[in-house]
Amino acid sequence: MAESFEVSMAGEEKYYVPDPSYKEHAWTKDYARAYQEFLADKEGFWEKQAHHLEWFKKWDKVLEWNYPYARWFVNAKLNITSNCLDRHVANHRRNKVALIWRGEEGEERIFTYKKLYHEVCRFANGLKKLGVAKGDRVCIYMPLVPEQVIAMLACARIGAVHSVVFGGFGVNALNMRINDAEAKIVITADVAIRRGKTIPLKTIVEEAIINAPSIEKVVVLSREVDQPVELHKEMEIDFYELMEGVSAECKPEVMDAEDPLFILYTSGSTGTPKGIVHTCGGYMVGTYYTTLNVFDLKDTDVYWCTADTGWITGHSYVVYGPFCVGATVVLAEAVPDYPDAGSFWKIIQDLGITIFYTAPTAIRMFMRVGEEWPNRYDLSSLRILGSVGEPLNPEAFEWYYRIIGKNRCPVVDTWWQTETGMQMITTMVGEPMRPGFAGKAIPGVVADVVTKQGAPVEPGNGGFLVIRDPWPAMLRTVYKNDERYRTYWHTIPDCYTAGDLAVKGKDGNIMIIGRADDIIIVAGHNIGTAEVESALVSHQAVAEAAVIGKPDPLKGNLIKAFVILRVGFQPSEKLKSDLIYHVRMTLGPIAMPSEIDFMDKLPKTRSGKIMRRVLKAKEMGIDPGDVSTLEE
Ligand code: WTA
């Protein structure tokens with residue numbers, strides 16, 4: 001890691017100020033005051049949020065902090081699904097629409113809170129029939145359909161720990177995740193649908209479980225797009241058959257606040273992904289509070305987050321946060337450019353979306369195809385826009401604000417991570433927005449930009465983004481690898497190191513620059529360089545590989561690989577595409593390199609570590625910096 005750095009910023013400081021009515025009606029009306037209130041009594045602040053939710057038994061203590069281990073809402077008992085479902089079914093939201101699903105061709109399925117409640121209970125009872133009990137791990141590898149949400153909530157209902165794996169991951173990635181979590185069950189579907197084509201998820205599962213001894217059963221949702229799937233009866237069971245002959249009521253399992261709710265794998269700097277563990281109580285309070293306050297979500301809102309449920313954004317802001325709040329959530333198995341570049345805008349118009357949450361990559365793609373696409377649709381229902389996953393560069397901010405928000409909607413650029421579980425930095429609704437800057441720590445969070453030694457950088461300078469105090473939705477450990485958890489808290493003294501570089505503006509706003517480590521953010525997805533490298537060297541032709549992120553105007557970064565071939569193999573275009581295909585099959589389409597260069601040698605330190613930094617500097621035509629440790 002480098003030291004902090006000075007930043008010179010061209011141009012004037014520019015702000016956009018939303019209409020005062022936004023502030024007047026916001027849940028958090030005055031950011032500065034709310035933040036002061038939080039600082040005055042940090043635990044009291046979170047306790048107040050927790051009181052809005054239902055608990056079987058309340059806490060003895062809000063926080064027990066034993067650096068770097070936190071226990072939030074000590075000894076409290078709850079079930080997050082009681083707050084997501086039962087609470088609403090018992091009040092005026094009983095017949096409110098909980099979920100509207102849209103398929104690529106405009107098909108629609110609607111679930112009221114009551115209907116969703118019964119579907120979840122039935123599937124939960126079905127899982128019990130299979131012998132799934134509290135603490136068991138269940139892997140969910142599904143397309144973006146309501147059944148994925150039902151499966152997640154059903155696990156939570158009975159205290160099973162879900163591990164959702166994004167449908168864009170390949171055989172090895174899935175196998176590794178199943179084995180690490182020692183999952184008992186996989187829930188999947190015959191196919192996912194993307195751009196009119198089917199992707200055979202079940203076939204991938206069949207291969208992925210060959211070397212997965214913990215798996216007892218595979219539950220298969222048959223979408224019957226082409227033809228009914230054939231099930232191997234000894235191992236596989238139909239999703240809806242499992243729900244037959246069971247009660248539509250299922251008592252929620254009593255969970256301790258610190259019992260695990262789910263594991264979600266994220267890329268790390270080594271070849272093996274990290275199983276980030278989130279627990280029931282704090283995660284519930286953190287996602288509930290942020291959904292309500294960051295999106296300023298009201299009972300009448302129609303909320304659409306375009307993320308797949310396989311990512312943390314889908315966990316926190318498609319499922320748990322919005323349902324805890326009692327929102328109407330839109331789920332769309334849709335891509336921004338199919339059947340044409342108007343697909344998202346059509347959904348907004350048709351369903352009257354009021355809050356729209358998407359990724360900068362999508363926004364930049366929309367910019368490229370032109371404003372005539374959104375201009376064909378009525379977007380006047382929109383009230384608030386959100387962004388997540390990578391820096392929202394000023395040009396993309398301006399376009400989003402002007403073309404989609406019609407110079408009217410506040411844009412919340414939310415910085416957070418799989419590890420943080422909830423949004424941490426943004427510009428709260430109604431506050432002045434500064435393009436290029438995500439904003440400030442939300443009330444409830446203490447963030448800073450510091451040097452390697454942990455000293456705050458001077459305003460106007462850059463350094464490492466850190467979080468200073470524990471927060472309720474923070475990760476509790478890395479599954480079966482607590483040492484990797486401790487690393488987050490022991491890299492820079494006395495704080496949680498996020499792994500991002502950031503600039504602290506003179507006005508206190510924070511600009512996120514990008515990763516400080518070997519993680520590449522490609523179209524908003526985290527990919528570890530080491531994961532791609534090990535996929536490459538598992539090919540018979542490859543002796544060594546080094547992977548870097550290469551800046552790309554559309555996707556943020558592209559994956560570029562440098563490969564040394566084994567003796568007897570010759571560089572060729574054919575071999576390049578073979579290698580790309582190999583990575584696609586092992587890790588999945590999201591981790592495919594866009595470029596491969598064949599090399600005779602890779603820059604290494606004297607101790608044999610590949611210096612990716614040098615490769616990157618060369619690729620970008622910039623100064624590689626300190627190369628004194630380079631071998632030659
Ligand atoms: C990046 C996604 C800039 C960052 C919720 C972080 C962002 C990583 C932003 C976490 C943002 C996320 N501005 N960068 N608003 N949001 N990032 O775990 O590098 O998939 O560390 O969580 O995405 O990615 P993850």
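The values are calculated or read from the model by the stated rules, or taken from the named source; none is laboratory data. This one's a predicted model, so the numbers in the text were calculated from it and none came from an experiment. When we count neighbours, we look across all protein chains shown, and the Cβ atoms used for this are built from the backbone with ideal geometry, even at glycine. For accessibility, only protein heavy atoms count, side chains too; no ligands or nucleic acids. Shrake-Rupley method; radii C 1.70, N 1.55, O 1.52, S 1.80 Å.
Restricting to segment 310-329, name every residue that is surrounded by 24 or more Cβ atoms within 10 Å (Cβ to Cβ) and not hydrophobic (A, V, I, L, M, F, W, C).
The answer is Thr313, His315, Ser316, Tyr317, Tyr320, Gly321, Pro322, Thr328.
When segment 87-114 is examined, which residues are found to be surrounded by fewer than 19 Cβ atoms within 10 Å (Cβ to Cβ) and closer than 22 Å to Pro143 by Cα?
Within segment 87-114, Val97, Gly103, Glu104, Glu105, Gly106, Glu107, Glu108, Arg109, Ile110, Thr112 qualify.
What are the residue pairs meeting all of these: first residue in segment 242-263, first residue touching a residue at least 24 places away in the same chain (Cβ under 8 Å), second residue charged (D, E, K, R) and open to solvent by 30 Å² or more (accessible area, probe 1.4 Å), Cβ atoms under 6 Å, and 6 or more apart or on different chains?
From residues that are touching a residue at least 24 places away in the same chain (Cβ under 8 Å), the pairs are Met243/Arg122; Val246/Arg122; Ala248/Arg122; Glu253/Lys134; Val254/Lys77; Glu258/Arg71.
One residue is enough: does segment 503-515 have a residue meeting the conditions more than 16 Å from the ligand (Cβ to nearest atom), among the charged types (D, E, K, R), more than 30 Å from Ile580 (Cα to Cα) and in a helix (DSSP H, G or I)?
No, there is no match, as no residue in segment 503-515 is more than 16 Å from the ligand (Cβ to nearest atom), among the charged types (D, E, K, R), more than 30 Å from Ile580 (Cα to Cα) and in a helix (DSSP H, G or I).
Within segment 270-293, count every residue that is in contact with a Phe, Trp or Tyr (Cβ under 6 Å, 6 or more places away or on another chain), within 18 Å of Thr28 (Cβ to Cβ) and surrounded by 24 or more Cβ atoms within 10 Å (Cβ to Cβ).
Of the residues in that region, 1 qualify.
Out of (1) in a loop (DSSP other than H, G, I, E, B); (2) surrounded by fewer than 21 Cβ atoms within 10 Å (Cβ to Cβ); (3) charged (D, E, K, R), what's the single condition that is false for Asp296?
If we test Asp296 against (1) in a loop (DSSP other than H, G, I, E, B); (2) surrounded by fewer than 21 Cβ atoms within 10 Å (Cβ to Cβ); (3) charged (D, E, K, R), just (2) comes out false.
Quick one: which of Val319, Val330, Val335 is part of a helix (DSSP H, G or I) and either under 30 Å from Cys280 (Cβ atoms) or away from the ligand (no atom under 16 Å from the Cβ) (or both)?
The unique qualifying residue is Val319.
Tell me which of these Asp448 doesn't satisfy, since it passes every other one: (1) farther than 26 Å from Gly271 by Cα; (2) part of a loop (DSSP other than H, G, I, E, B); (3) away from the ligand (no atom under 15 Å from the Cβ).
So the condition that Asp448 fails would be (2).
Look through segment 402-437, keep the residues that are of a type in the set (A, V, I, L, M, F, W, C) and assigned to a strand (DSSP E or B), and return whichever of them is farthest from Gly275 (Cα to Cα).
So the residue we want is Met433.
Select from segment 214-269 the residues that are among the polar types (S, T, N, Q) and open to solvent by less than 70 Å² (accessible area, probe 1.4 Å) and write down the one among them that is nearest to Pro146 (Cα to Cα).
Here is the first cut: in segment 214-269, the residues among the polar types (S, T, N, Q) are 214, 222, 227, 247, 266-267, 269.
Going one step further and asking which of them are open to solvent by less than 70 Å² (accessible area, probe 1.4 Å), we end up with 214, 222, 247, 266-267, 269.
Values: Ser214: 27, Ser222: 13, Ser247: 20, Thr266: 24, Ser267: 27, Ser269: 33 Å.
By that ranking, first place goes to Ser222.
Go through segment 370-397 residue by residue and tally those that are away from the ligand (no atom under 16 Å from the Cβ) and free of Cβ contacts under 8 Å to residues at least 60 places away in the same chain.
Summing the residues that are away from the ligand (no atom under 16 Å from the Cβ) and free of Cβ contacts under 8 Å to residues at least 60 places away in the same chain in segment 370-397 gives 12.
Taking Ile348 and the conditions (1) in contact with a Leu (Cβ under 9 Å, 6 or more places away or on another chain); (2) open to solvent by 10 Å² or more (accessible area, probe 1.4 Å); (3) β-branched (Val, Ile, Thr), which numbered condition does it fall short on, given that it satisfies the others?
Among (1) in contact with a Leu (Cβ under 9 Å, 6 or more places away or on another chain); (2) open to solvent by 10 Å² or more (accessible area, probe 1.4 Å); (3) β-branched (Val, Ile, Thr), the lone unmet condition for Ile348 is (2).
Restricting to segment 351-392, name every residue that is crowded, with 18+ Cβ neighbours inside 10 Å, of a type in the set (S, T, N, Q) and at pLDDT 95 or above.
Within segment 351-392, Thr354, Thr358, Ser387 meet the criteria.
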